[in-house]
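Chemist: Questions regarding the structure given below will be posed in turn.
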Amino acid sequence: GESVGLHLPTLSVQEGDNSIINCAYSNSASDYFIWYKQESGKGPQFIIDIRSNMDKRQGQRVTVLLNKTVKHLSLQIAATQPGDSAVYFCAENHNQGGKLIFGQGTELSVKP
Amino acid sequence: DTEVTQTPKHLVMGMTNKKSLKCEQHMGHRAMYWYKQKAKKPPELMFVYSYEKLSINESVPSRFSPECPNSSLLNLHLHALQPEDSALYLCASSPYPGQGGTGELFFGEGSRLTVL
């Protein structure tokens, strides 16, 4: 079936380094993508989103890149901090009554 | 702080019990959702309400019964659950696309359910 997935289940980086979290999606009709951050014991928190008519969007310390040719999404975190440690999920919106499908998630660990 | 409030934060129930999870939002959102999340897994969609009407049921067993009394409240009634139903239950809301929303979901902190 259609799914959104992530390449790596875990990622460990040194504090201050840049982090790149990848995601592959399969539904070429999806028009909207979101990255969520989920800390232990909490609900998912919105980080950044991007529409399918864009290939890059920047926020504060975060950048999302969308490559529709290969159906690939990535989240870049600059100068990663210990507070960035969490599980990161990509999600795609099928625009079917707001149905949001989540990928498998990547657990980011930041070493001091 | 999340603007979606879920109660209770923790719930332990037996397989013969009847309990309810509650969710409330006051952002004027007209779409509300229930997701189930097992440990180390992504949230899985259960139900979607749009304008207080059930629009999506992802083939959820009938022991889970959603209810949307008004545009601010969403309940999940639980009855005769199984131990494998133990999970984090997340409520979310979003501005329905018809309202010009982007599709972003705002999540609550979740209700941690344990079925004994």
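Chemist: Of all accessible surface on the protein assembly as shown at a 1.4 Å probe, what whole percent is carbon and sulfur?
Modeler: 48
Chemist: Quick one: putting +1 on the C-beta of Lys and Arg, -1 on the C-beta of Asp and Glu, what dipole do you get for chain B around its Cα centre, in Debye to the nearest 20?
Modeler: Magnitude of the dipole: close to 340 debye.
Chemist: Extending each Cα 7 Å along its Cβ direction at A:Gln81 and B:Lys18, get the distance between those two points in nm, one decimal.
Modeler: 4.9
Chemist: Straight-line reach from A:Lys99: which aspartates and glutamates have a Cα under 15 Å away, not including same-chain ones fewer than 8 places off?
Modeler: In chain and number order, the partners are A:Glu2, A:Asp31, B:Glu44, B:Glu58, B:Glu104.
Chemist: If packing is taken as the average count of other Cβ atoms within 10 Å, what order do B:45-51, A:69-75 fall into, highest mean first?
Modeler: B:45-51, A:69-75
Chemist: Among A:Lys37, A:Lys68, A:Lys99, whose mean-square fluctuation peaks in a Gaussian network model of chain A (Cα, cutoff 10 Å)?
Modeler: The residue that fluctuates most here is A:Lys99.
Chemist: Now a separate question. State, to one decimal in nm, how far the label point of A:Lys68 lies from the label point of A:Ser26, with both points 7 Å from Cα in the Cβ direction.
Modeler: Spacing of the two 7 Å Cα→Cβ label points: 2.1 nm.
Chemist: Taking every residue in B:14-25, how many Cβ atoms of other protein chains lie within 10 Å of its Cβ, on average?
Modeler: 0
Chemist: Across peptide B:40-50, what mean number of C-beta atoms from other chains lies inside 10 Å of a residue's C-beta?
Modeler: Neighbouring Cβ atoms belonging to other protein chains average 5 per residue here.
Chemist: Describe numerically, in nm with one decimal, the distance between label points set 7 Å from Cα along Cα→Cβ at B:Leu54 and at A:Gln58.
Modeler: It is 4.8 nm.
Chemist: Got a sec? Charge dipole of the protein assembly as shown, +1 on Cβ for Lys and Arg, -1 for Asp and Glu; which of B:Leu78, A:Tyr36, A:Ile48 is way out at the positive end?
Modeler: Value: B:Leu78.
Chemist: Another question, if that's okay. Please list, ordered by chain and number, the residues whose modelled amide H lies under 5 Å from the amide H of A:Ala86; skip anything fewer than 5 residues away on the same chain.
Modeler: Answer set, sorted by chain and number: A:Leu108.
Chemist: Could you provide, to the nearest whole Å², the per residue accessible area of chain B with probe 1.4 Å?
Modeler: 48
Chemist: Cysteines of the protein assembly as shown lacking any other cysteine beta carbon under 4.7 Å?
Modeler: B:Cys68
Chemist: State in Å² the accessible area per residue of chain A; use a 1.4 Å probe, count heavy atoms of protein chains only, and round to the nearest integer.
Modeler: Value for chain A: 48 Å² per residue.
Chemist: Now for a separate question. Do any of B:Lys19/B:Lys41; A:Lys111/B:Lys40; A:Lys71/B:Lys41; A:Lys56/B:Lys41; A:Lys37/B:Lys41 go past 18 Å between their Cα atoms, and which?
Modeler: Where the Cα-Cα span goes over 18 Å, the pairs concerned are B:Lys19/B:Lys41; A:Lys111/B:Lys40; A:Lys71/B:Lys41; A:Lys56/B:Lys41.
The values are calculated or read from the model by the stated rules, or taken from the named source; none is laboratory data. This is a predicted model, so every value here is computed, not measured. Quick reminder, even Gly has a Cβ in these numbers, built from the backbone with ideal geometry, and neighbours come from all protein chains shown. Just so you know, the surface numbers come from the protein's heavy atoms only, side chains and all, with ligands and any DNA or RNA stripped out. Shrake-Rupley method; radii C 1.70, N 1.55, O 1.52, S 1.80 Å.
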